[in-house]
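Heads up: the structure comes next, in structure tokens.
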Amino acid sequence: MNKMIDVIVIGSGIAGVTAAKAAADEQVSVEIITKGAGATMMGSGALDILGAVPGEEKNTTVNDIKEGMELLLDKNPRHPYAVLKDSLENGIKALREVCRAGGMEFTGDGVTNAVIPNILGTFKNTAYIPSYNKYADAAKAAGKILVAGFRGHTEFYPEYACRSYNTYQRQFAPDADAVYIATTLELPSLADRERITNAELAAFFDTREGMEELAAALDDMKNIMGGIQGILIPPVLGYRKYAQNMELLYETLGIPVGEIAAGGHSVSAQRLAAALEKGLENKGLEAVNQAKAVEIRKTEEDVFCIVYEQQGKTKEAYARSVVLAAGGFIGGGITSYREDLFIPVINEPLGRITPEMVNKKAFPGGGQLFGKVGIRVYDDMAVAQGCFSGQIFACGDLIEGYDWVYERSGSGVAAASGYLAGKNAANMAKGSEH
Ligand SMILES: Cc1cc2nc3c(=O)[nH]c(=O)nc-3n(C[C@H](O)[C@H](O)[C@H](O)COP(=O)(O)OP(=O)(O)OC[C@H]3O[C@@H](n4cnc5c(N)ncnc54)[C@H](O)[C@@H]3O)c2cc1C
């Protein structure tokens, strides 16, 4: 048999990373098996705890997180936060520790949400923003804010965004009092480009030449407009040098600069993913990368054998305890065959998608029922269904009963459930040693 690990975590998103850190803090050996990217690689890079409470008619925007939590649990007493809220602080702390070790700090107190303008022209209430982007909080914005786009940029249109920011700011931040003014910058090195993407701009601003051109263009525009008190740009300030670049702009321009939030294949999510990977490494937490777990078996010795595929080979790893942090539909933890849903790693059925679960409105009040699909867990995050009931743990987007899209609760649930799952898996491993 291969070497025995105390806790194997499957998945390296926010839930898996937090679970691994929480388990390692219990002084057990930990290994992550991960195939790579998941939903964590698609977020805005900000850590949401609770941004909105879904309602029948409309969603309630959350500014005070504790009040929002009470409203959420009042409407939905079986929400995972009913058992997870006491682990939130520890989960976020563990997650932030890994991020810090990977070079990324966060700003936020977990009490009041920041309000970040997003690339679609609306706002996002979120608990923790990366510290490099602390000036993006629209709740504190006042006076003239210049919103700069780039000629040929295909992913952000400052005129549309500004119109919408000016209309909706008070809905998200009652005390906000800013006037958003759009401008489009022309940078000399990009003058011949008809179309340019976030990724290309980010790569350009990782160069000294790129940042010099950006700082000069923003400075010119600031002087032409007069009275500008802050600047917003799309999230393209580099993949590597973003914190340094933000400081440089602040020093050059003498006013705060922030990045607008974007999800999907976003530069800011990739910064977070890179910080998580580096943080794991710097914390000495081992990860088997590009490895897809395909089966979990219990051996005769009562240990778990995780069968995984890596570079065309089938391999096995052995653990006393397992945390399944494989994500939801996006991460690959949940998949479907026609309308049947299941968790492939443990071959566990999750029922069917029925027409009633899909509201034809894109963003219906109350959310989409299929968004809440996942595995049932006990209060300690042990799986509560199927042949592994009570034996392995689950966390993050894989667990049932919440809708991170509507609630903006993704990172909070992932960190809190990951923390609990990791800790309890470590304790189970310690128990099984004797
Ligand atoms: C477009 C978008 C924008 C978002 N914006 C935000 C935001 O701004 N703030 C926020 O807090 N949340 C946001 N979210 C939600 C948030 O990203 C998720 O809730 C959170 O990342 C879930 O973390 P997770 O660890 O549970 O899952 P994931 O991040 O999906 O991680 C799952 C992990 O499991 C691995 N995996 C899956 N199957 C296997 C297997 N068989 N073997 C090995 N590894 C496997 C995957 O590769 C991945 O590493 C957003 C999500 C999306 C899609």
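The values are calculated or read from the model by the stated rules, or taken from the named source; none is laboratory data. For clarity, every value in this text was computed on a predicted model and none was experimentally measured. In this analysis, Cβ positions are derived from the backbone assuming ideal geometry, glycine residues included, and neighbour counts consider all displayed protein chains. Please note that ligands, DNA and RNA were not included when accessible areas were found on the heavy atoms of the full protein model with its side chains. Shrake-Rupley method; radii C 1.70, N 1.55, O 1.52, S 1.80 Å.
Details
- Per residue, the convex hull spanned by the Cα atoms of segment 1-86 measures out at 149 cubic angstrom.
- In units of the rule-of-thumb radius 2.2 N^0.38 Å, segment 177-297 shows an alpha carbon radius of gyration of 1.34.
- Assigned charges on the beta-carbon of Lys, Arg, Asp, Glu; segment 137-193 dipole about Cα centre (debye): 80
- Length gained on full extension, ASP177 to GLU251: 24.2 nm, using 0.36 nm per residue less the C-alpha separation.
- Lysines with Cα under 30 Å of LYS134, excluding same-chain neighbours fewer than 8 positions away: LYS21, LYS58, LYS66, LYS85, LYS93, LYS124, LYS144, LYS222, LYS241, LYS278, LYS283
- Ratio of the Cα radius of gyration of segment 242-388 to 2.2 N^0.38 Å, where N counts its residues: 1.42
- At a probe radius of 1.4 angstrom, the accessible area of the chain per residue rounds to 45 square angstrom.
- For segment 115-269, the spread of Cα coordinates along the three principal axes comes to 41, 34, 28 Å, biggest extent given first.
- Residue separation of ALA216 and THR299 scaled by 0.36 nm, minus their Cα-Cα distance, works out to 23.4 nm of gained length.
- Residues in segment 374-397 that a label on THR354 would reach, taking backbone N under 17 Å of a point 7 Å out along Cα→Cβ: 374
- Its residue count N fixes a reference of 2.2 N^0.38 Å for segment 259-311, and the Cα radius of gyration divided by that reference is 1.67.
- Cα centroid of segment 253-304 to Cα centroid of segment 306-359, whole Å: 18
- Within the accessible area of the chain, the carbon and sulfur atoms contribute 49%, probe 1.4 Å, all protein chains present.
- Plainly put, the chain has a radius of gyration that is 1.00 times its Kirkwood radius, both from alpha-carbon atoms, as the Rg/Rh ratio.
- Approximating the spin labels as points 7 Å out from Cα along Cα→Cβ, the VAL111-to-SER131 distance works out to 2.0 nm.
- Listed by chain and number, the aspartates and glutamates whose alpha-carbon sits under 15 Å from that of LYS313, ignoring those within fewer than 8 places in the same chain, are GLU295.
- Relative contact order computed over segment 308-349 (Cα-Cα under 8 Å; 6+ residues apart), in percent: 18
- For ILE399, the residues whose amide H sits under 5 Å from its own are ILE375, ignoring neighbours fewer than 5 places away on the same chain, with H placed 1.01 Å from N.
- Folded to 0 to 90 degrees: helix 65-75 orientation relative to the chain principal axis, Cα: 50
- Dipole in debye (nearest 20) - the chain, about Cα centre, beta carbon charges: Lys, Arg +1; Asp, Glu -1: 360
- Dimensionless Rg/Rh of segment 52-172 - Kirkwood Rh, Rg from C-alpha atoms: 1.02
- Bridgeable aspartates and glutamates around LYS292 (alpha carbons under 19 Å apart, same-chain partners fewer than 8 residues away excluded): GLU31, GLU277, GLU309, GLU316, GLU348, ASP397.
- Distance between segment 46-123 and segment 5-36 - C-alpha centres, whole angstrom: 23
- Extension gain (nm, one decimal) between ALA191 and GLU97, 0.36 nm per residue minus Cα-Cα: 29.6 nm
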